[in-house]
Amino acid sequence: MLTVSSISRSFGGHRVLDRVSFTVRPGRMTGFLGANGAGKTTAMRIILGVLAAQEGSVTFDGRPVTGALRQTFGYMPEERGLYPKMKVAEQIAWLGELHGLDRPTARANTERLLDQLELGERADDPLEQLSLGNQQRAQIAAALVHDPVLLILDEPFSGLDPIAVDTVLGVLRDRAAQGVPVLFSSHQLAVVEQLCDDLVIISGGRIVAEGEREQVRSRYGPVRFELEVDTDAGWVRDVPGVRVVDLDGARAVFEADDGTASATDGAALGDRVLRTALDRGRVRSFTPVVPSLDEIFKEVV
């Protein structure tokens, strides 16, 4: 397990990270979210030793993260770092050797990864001849070739079409299933919502939400309900304390009028609307609305 404990970092008097703490658990996909400049990349670089924390610590399985231990980590930077004129398979295998693999193992791992990422037919092509999306897949292969014990990916889905995203998701899920902790950042919230087990959301250099995906949804998302009745549901707008989010004839989606109700207050509000609806006639359905990751992100950031 990766444990980040109260790390801080400033540049030129500007505090980029302010006592940031979170964990990445074995076999879990952890989405690391934040707006541009929130501190994601700085935190990742501190974990990898590219930058030093001015306060706090980073440990892996309870051990301080040394240079030798970082050699076993896998990292994909947001900026592509492979050599454009070097053949794809040649340089990925070479990177595997730099991480300590013998040549036959590095070549075997490279061949397997390129096949999994559907790049096998381009193995002997110079990187510059690949599309940007395929270059991104090659970059992911480079992060995985040495069978890392921890995987850190900065915007791994950038430039990928939906089919390529699915291919990469399959490879990452396979690594997590083997017990590898995976930390990744992405601005594609729909992909994060599909992929992650846990969430860490950072804003202004501070962690503003952390936990299992469903826990974060229930804790930080707006408390909303969807009601469908036999007749027009416009009367819901007149219930004290209610704000209607969406109204379409017999169907209404609503929340507390200030959008900040706790789970307990939200339940009481929902119960009040439901009782009113039952007094007025037949209720076809009444369900809580699970907030999307996009809504949660906007709520906490």
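What follows draws every value from the coordinates through simple rules; no lab data is involved. What you see is a predicted model, and the numbers here were worked out from it, not measured in a lab. Note: ideal-geometry Cβ built from the backbone for every residue, glycine included; neighbour counts use all protein chains shown.
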Enumerate by residue number the trypsin sites (Lys or Arg not before Pro) in segment 264-301 meeting two conditions: DSSP loop (anything except H, G, I, E, B), and at most 14 other Cβ atoms within 10 Å of the site's Cβ.
ARG282
If the cut-off is 15 Å between C-alpha atoms, which aspartates and glutamates fall inside it for LYS85, apart from same-chain ones fewer than 8 positions away?
ASP124, ASP125, GLU128
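Output the relative contact order of segment 221-300, whole-number percent, from Cα pairs under 8 angstrom with separation of 6+ residues. Numbers along the way, then the final one.
On the way: 133 pairs, mean separation 34.4, N = 80.
Computed value for segment 221-300: 43 percent relative contact order.
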I need the semi-axes of the equivalent ellipsoid of the chain: take the C-alpha gyration tensor, multiply each eigenvalue by 5, square-root it, list largest first in whole angstrom.
45, 23, 15
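What's the Cα-based Rg to Rh of segment 221-300, Rh via Kirkwood?
Details: Rg = 12.1 Å, Rh = 12.6 Å.
Using only Cα positions, Rg/Rh for segment 221-300 is 0.96.
Tell me what the chain gives for mean residue ellipticity at 222 nm when only DSSP H runs of n ≥ 4 count, each as -39,500 (n - 2.57), the sum divided by the residue total, rounded to 500 deg cm²/dmol.
Details: 10 runs with 107 residues, N = 301.
-10500 deg cm²/dmol, from helical runs alone.
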Those aspartates and glutamates that a straight Cα-Cα span of less than 19 Å connects to LYS298, excepting residues fewer than 8 apart in one chain:
GLU193, ASP198, GLU210, GLU212, GLU214, ASP246, GLU255, ASP257, ASP258
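Return a whole-number percent for the relative contact order of the chain, with Cα pairs under 8 Å and 6 or more residues apart as the contact set.
Working: 573 pairs, mean separation 60.3, N = 301.
Here the relative contact order equals 20 percent.
Where the only charges are on Cβ atoms (+1 Lys, Arg; -1 Asp, Glu), what is the dipole of the chain about its Cα centre, to the nearest 20 debye? Show your work: numbers first, answer last.
Numbers: 33 positive and 43 negative charges, 165 e Å.
About 800 debye.
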